[in-house]
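Visitor: Would you mind keeping the following structure in view while I ask a few things?
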Amino acid sequence: MRAVVIDRPAPIERSPLREIEKPLPNPRDFEILVRVVACGVCRTDLHLAEGDLPPKHAGIVPGHEIVGVVERLGAQSRRFRAGDRVGIAWLRETDGTCKYCRSGRENLCPNARFTGWDFDGGYAEYAVVREDFAYALPSRIDDEHAAPLLCAGIIGYRAIKRAEVVPGATVGLYGFGGSAHLALQVLKYWDCRVFVMSRGGIHREFAEELGADWIGDAMQAPPAPLDAAILFAPAGELVPPALRALDRGGIAAVAGIYLSPIPSLDYERDLFYERELRSVTANTRADGEEFLNIAGEIPIKTATVAMRLDEANRALAMLKHDELRGAAVLHVE
Ligand SMILES: [Zn+2]
Ligand SMILES: [Zn+2]
């Protein structure tokens, strides 16, 4: 099969991804073999390609927003049938036995392993996954538009939950790209007031189209104190202004897997009155299922830019340089 791999991380301008031929993976007992139709391009893939997040082994196939069709079942697989449409996301497996797994926090499992980091992902014609870690997808959303839901969407939703957003709340989104545009739609579906802090011209227009109540600069105070702030930009310097924008008892959640250093905080100015700063680490399968249900109910609109598998380097370079209006999705056929 055709697959795109990272041999040695390097700046994306030097095209560290390379297309090769790989043997077709074989589904083990409880796994399914999925023919990849589309795979979304996530910022984590860029961090892997450039080495900010070191790949677990050389020659890894990145990609963890996989939409495909079940091609073949492992010997013990019962959950799906050949021909079913499924999604594969970042969380690829957990041990199911540790204290985190047993208390509904499998996203914190120390033995968790990840698609496109520990195991080959979806920048390829086929991928395998444990059937209990695959997702059924909302039928109202087509393959290309479903792909970004599987990481950008689920992580945004996890961040909304970590920030304890309730319907009608006032929420600030810092940075506006692939994940934030999906989170914004969930928040508007819940009648929240949403302020978007974003630099770029195209991002501002896009936020407006999707119903943002105010769009401004991150360093500026928003029009009202925030019950919750969600940081989507991987920029630690946004943490202090986001904390200062919070109302008493407000929560700021950092949605990214990677964040540049946070400048020093002032306890009284930035944290007092029980304002909180929280991280977001992957997601549980329950988060994923809840989000995909809501996405189907809305139904959520996903802005995508269709590209081909052999354009993976270009897609990641465009992501890095903020040239995408929406999420790049690689078509694998
Ligand atoms: Zn565990
Ligand atoms: Zn991702």
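The values are calculated or read from the model by the stated rules, or taken from the named source; none is laboratory data. Just so it is clear, the model here is predicted, and its values are computed rather than measured. Neighbour counts are summed over all protein chains in view; Cβ atoms, including those assigned to glycine, are modelled from backbone coordinates with ideal geometry. In case anyone asks, the SASA skips ligands and DNA or RNA and just uses the protein heavy atoms, side chains included. Shrake-Rupley method; radii C 1.70, N 1.55, O 1.52, S 1.80 Å.
Visitor: For region 98-114, what are the residues that are under 15 Å from residue 288 (Cα atoms), of a type outside the set (Asp, Glu) and surrounded by 18 or more Cβ atoms within 10 Å (Cβ to Cβ)?
Guide: Across region 98-114, the qualifying residues are 107, 114.
Visitor: Being touching a Phe, Trp or Tyr at 6+ places or on another chain (Cβ under 7 Å) and open to solvent by 60 Å² or more (accessible area, probe 1.4 Å) is the filter; apply it to region 11-38 and report the residue that is nearest to residue 77 (Cα to Cα). Step through it out loud before you land on a result.
Guide: Of all residues in region 11-38, those touching a Phe, Trp or Tyr at 6+ places or on another chain (Cβ under 7 Å) come to 24-25, 32-36.
Still in the list and also open to solvent by 60 Å² or more (accessible area, probe 1.4 Å): 24, 35.
Values: 24: 18, 35: 16 Å.
Checking each candidate, the answer is 35.
Visitor: Then there is this: In region 203-221, how many are within 17 Å of residue 301 (Cα to Cα) and open to solvent by less than 70 Å² (accessible area, probe 1.4 Å)?
Guide: 6
Visitor: Output the residue which, of all residues in region 6-40 that are assigned to a loop (DSSP other than H, G, I, E, B) and among the basic types (Lys, Arg), is nearest to residue 90 (Cα to Cα).
Guide: The residue in question is 28.
Visitor: I need every pair where a residue in region 263-279 that is in the same structural domain as residue 248 (by TED's automatic domain parsing) has its Cβ under 6 Å from the Cβ of a residue that is of a type in the set (Asp, Glu) and open to solvent by 70 Å² or more (accessible area, probe 1.4 Å), sequence separation at least 6 or different chains.
Guide: So the pair list comes out as 263/237.
Visitor: Name the residues in region 306-327 that are modelled with pLDDT under 95 and either surrounded by 17 or more Cβ atoms within 10 Å (Cβ to Cβ) or part of a helix (DSSP H, G or I) (or both), would you?
Guide: 319, 320, 324, 326, 327
Visitor: Against the definition (within 15 Å of the chain's Cα centre (by Cα), small (Gly, Ala, Ser) and within 20 Å of residue 232 (Cβ to Cβ)), how does residue 295 come out, yes or no?
Guide: So residue 295 passes the test.
Visitor: Those residues that are closer than 19 Å to residue 283 by Cβ and open to solvent by 20 Å² or more (accessible area, probe 1.4 Å), I need them from region 222-267; list them, please.
Guide: Across region 222-267, the qualifying residues are 232, 234, 256, 257, 258, 259.
Visitor: Taking region 268-305 as the search range and keeping residues that are among the hydroxyl-bearing types (Ser, Thr, Tyr) and open to solvent by 60 Å² or more (accessible area, probe 1.4 Å), which one is farthest from residue 148 (Cα to Cα)?
Guide: 273
This table checks each residue for (1) in the same structural domain as residue 113 (by TED's automatic domain parsing); (2) within 23 Å of the chain's Cα centre (by Cα); (3) away from ligand 1 (no atom under 16 Å from the Cβ).
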{"position": "12", "(1), (2), (3)": "yes, yes, yes"}
{"position": "21", "(1), (2), (3)": "yes, no, yes"}
{"position": "33", "(1), (2), (3)": "yes, yes, yes"}
{"position": "54", "(1), (2), (3)": "yes, yes, yes"}
{"position": "77", "(1), (2), (3)": "yes, no, yes"}
{"position": "83", "(1), (2), (3)": "yes, no, yes"}
{"position": "95", "(1), (2), (3)": "yes, yes, no"}
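Visitor: Moving on to the next point. Evaluate region 148-160: report whether one residue or more is assigned to a loop (DSSP other than H, G, I, E, B), buried (at least 22 other Cβ atoms within 10 Å of the Cβ) and either in contact (Cβ under 8 Å) with a residue 60 or more places away in the chain or within 16 Å of ligand 2 (Cβ to nearest atom) (or both).
Guide: The answer is yes; a qualifying residue exists.
Visitor: Of (1) part of a loop (DSSP other than H, G, I, E, B); (2) open to solvent by 20 Å² or more (accessible area, probe 1.4 Å); (3) more than 30 Å from residue 195 (Cα to Cα), residue 177 satisfies all except one. Which?
Guide: For residue 177, the exception is condition (3).
Visitor: Check region 143-156 and report whether any residue there is hydrophobic (A, V, I, L, M, F, W, C), more than 16 Å from ligand 1 (Cβ to nearest atom), outside the structural domain of residue 29 (by TED's automatic domain parsing) and more than 26 Å from residue 25 (Cβ to Cβ).
Guide: No: region 143-156 contains no residue that is hydrophobic (A, V, I, L, M, F, W, C), more than 16 Å from ligand 1 (Cβ to nearest atom), outside the structural domain of residue 29 (by TED's automatic domain parsing) and more than 26 Å from residue 25 (Cβ to Cβ).
Visitor: Which residues, counting only those in region 52-69, are within 20 Å of residue 83 (Cβ to Cβ) and crowded, with 21+ Cβ neighbours inside 10 Å?
Guide: 66, 67, 68
Every residue, every condition in (1) modelled with pLDDT under 95; (2) over 15 Å from the mean Cα position of the chain (by Cα); (3) not assigned by TED's automatic domain parsing to the domain that holds residue 252, yes or no:
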{"position": "179", "(1), (2), (3)": "yes, no, no"}
{"position": "184", "(1), (2), (3)": "no, no, no"}
{"position": "203", "(1), (2), (3)": "yes, yes, no"}
{"position": "213", "(1), (2), (3)": "no, yes, no"}
{"position": "219", "(1), (2), (3)": "yes, yes, no"}
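Visitor: Next question. Any residue that is at pLDDT below 95, exposed (fewer than 14 other Cβ atoms within 10 Å of the Cβ) and under 18 Å from residue 119 (Cβ atoms) - is there at least one of those in region 43-51?
Guide: no
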